[in-house]
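The values are calculated or read from the model by the stated rules, or taken from the named source; none is laboratory data. For clarity, every value in this text was computed on a predicted model and none was experimentally measured. No Cβ is skipped: glycine too gets one built from the backbone with ideal geometry, and neighbour counts run over all protein chains shown.
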Amino acid sequence: MLNLTLACGHYDRTEALRDGRVRPDGIRLNCLTLKVEETFWRMMQYREFDVAETSLGGYVVRRGRGLDDLVAIPVFPSRFFRQSCIFVHGGSGIDAPEDLKGKRIGLPEYQMTAAVWARGVLADDYGVRPEDMEWIQGGLEDPGRLPFEPVQPTGIRLGFAPSDRSLAQMLADGDIQALITARTPSTFDPGTGRVRRLFPEPWKVERDYFDRTGIFPIMHTVSIRSEVLDEHPWVAATLMKAFSEAKNLAVEDLTQTSALPLTLPFLTEHAYQTVETMGDDFWPYGLESNRKTLETFVRYMHEQGMIEHRMPIEELFAPSTHRTFRI
């Protein structure tokens, strides 16, 4: 039995791995439940874990630099539409995406996956390019944050917030005019309008985006230390199978009517509506079922100056996970 440590967030789709209902063949998992920022920092700076949830943006930056000490499998524990995560200062005069041009935009890290997707959507749908703005990196709530995989894209005005200022407070004070963030800033207050969302009805915008593109943005993947795979090449496909089984159990629970698995009164209705909109496999794992989404993300990474070449997505994932067996 191979002992491996997995660091991952707390999700319904990974809970069966944590509680032991799903056990990867031949592997005993020691599961650590951590905030993603901690997991990313410790894995990408120090490779502390055998397997870890990994920022897709940070991982693609590493692969673009020729680093192969981490190898991903096409498992995506975090996905999210990011139009709802663009916030603006109430007095900034920003009423439409085009108004972002010429403004100072905060974000925790330039290569942060959520920011890559948001910038890509702004460029594709509204003609607002990264070079049109000035970008300020920093801690959302804690001043002094540094990128775990820093980049310096050519032609982009990119700097850092003062070491004693958080981005949330800078937005509220008007020192930055907008903010792209995966987490809702503490200063967001719909009642006062001091900090508001760029899109007043963002979920309608996000549904329209999916209807037009078929893309459900991927935020995180799962990576394995390369030496683990060098010694045990069977681990990649085995873990992918286990993650898939755990996700399937979580999806089945969404239409469970004996007792709601989540504290959401209309969960079952929402689940059926999601299937109607996005199809039965609305949270797909695997390479081919995510090809368009992954190729779009790699294009964004290249267009935004973080990788020199648009690499084939096959190069990002362990070869044994590109296809799976059929019965």
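Brief remarks on what is shown
- Qualifying residue in the stretch 148-155 (condition: assigned to a loop (DSSP other than H, G, I, E, B), within 23 Å of Asp189 (Cβ to Cβ) and not acidic (Asp, Glu)): no
- Applying the set (1) without any contact (Cβ under 8 Å) to a residue 24 or more places away in the chain; (2) outside any helix (DSSP H, G or I); (3) over 19 Å from the mean Cα position of the chain (by Cα) to Gln169 leaves exactly one unmet item: (2).
- For the stretch 97-142, filtering for residues that are outside any helix (DSSP H, G or I) and in contact with a helix residue (DSSP H, G or I) (Cβ under 8 Å, 6 or more places away or on another chain) leaves 17.
- Residues of the stretch 279-301 that turn out to be part of a helix (DSSP H, G or I) and of a type in the set (Phe, Trp, Tyr), as a count: 2
- The selection criterion, being of a type in the set (Gly, Ala, Ser) and touching a residue at least 12 places away in the same chain (Cβ under 8 Å), holds for Gly9.
- Looking only at the stretch 35-60, and only at residues there that are part of a strand (DSSP E or B) and of a type in the set (Gly, Ala, Ser), the one that is farthest from the chain's Cα centre (by Cα): Ala52
- If you check Arg18, Arg13, Arg63 for being within 23 Å of Arg183 (Cβ to Cβ), at pLDDT 95 or above, of a type in the set (Lys, Arg) and assigned to a helix (DSSP H, G or I), only one passes: Arg18.
- Residues satisfying the stated conditions in the stretch 255-278, i.e. assigned to a loop (DSSP other than H, G, I, E, B) and surrounded by 11 or more Cβ atoms within 10 Å (Cβ to Cβ): Thr255, Gln256, Leu260, Pro261, Leu262, Leu264
- Each residue in the stretch 310-327 was checked for being modelled with pLDDT of 95 or more and touching a helix residue (DSSP H, G or I) at 6+ places or on another chain (Cβ under 9 Å), and 12 pass.
- Residues that are acidic (Asp, Glu), at pLDDT 95 or above and in contact with a Gly (Cβ under 8 Å, 6 or more places away or on another chain) do occur in the stretch 287-303.
- Sole residue being without any contact (Cβ under 8 Å) to a residue 40 or more places away in the chain and either in a strand (DSSP E or B) or of a type in the set (Lys, Arg) (or both), chosen from Leu32, Leu4: Leu32
Condition check ((1) within 30 Å of His309 (Cα to Cα); (2) exposed (fewer than 15 other Cβ atoms within 10 Å of the Cβ)) across all residues:
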| position | (1), (2) |
| --- | --- |
| Met1 | no, yes |
| Leu4 | no, no |
| Asp19 | no, yes |
| Gly26 | no, yes |
| Phe40 | yes, no |
| Gly91 | no, yes |
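- When Phe40, Phe76, Phe49, Phe87 are checked against the criterion of being aromatic (Phe, Trp, Tyr), touching a residue at least 24 places away in the same chain (Cβ under 8 Å) and not assigned by TED's automatic domain parsing to the domain that holds Phe297, Phe87 stands alone in meeting it.
- Criterion: surrounded by fewer than 18 Cβ atoms within 10 Å (Cβ to Cβ), assigned by TED's automatic domain parsing to the domain that holds Thr187 and hydrophobic (A, V, I, L, M, F, W, C) - qualifying residue of Leu107, Leu100, Leu140, Leu146: Leu146
- Complete set of residues in the stretch 68-95 that are part of a loop (DSSP other than H, G, I, E, B) and within 20 Å of the chain's Cα centre (by Cα): Phe80, Phe81, Arg82
- Filtered residues of the stretch 238-254 (kept if over 22 Å from Ile73 (Cβ atoms) and either outside any helix (DSSP H, G or I) or in contact with a helix residue (DSSP H, G or I) (Cβ under 7 Å, 6 or more places away or on another chain) (or both)): Leu254
- Long-range neighbours under 6 Å by Cβ, at least six apart or interchain, first residue over 23 Å from Leu122 (Cβ atoms) and at pLDDT 95 or above within the stretch 133-157, second surrounded by fewer than 16 Cβ atoms within 10 Å (Cβ to Cβ) and of a type in the set (Asp, Glu): Pro143/Asp164
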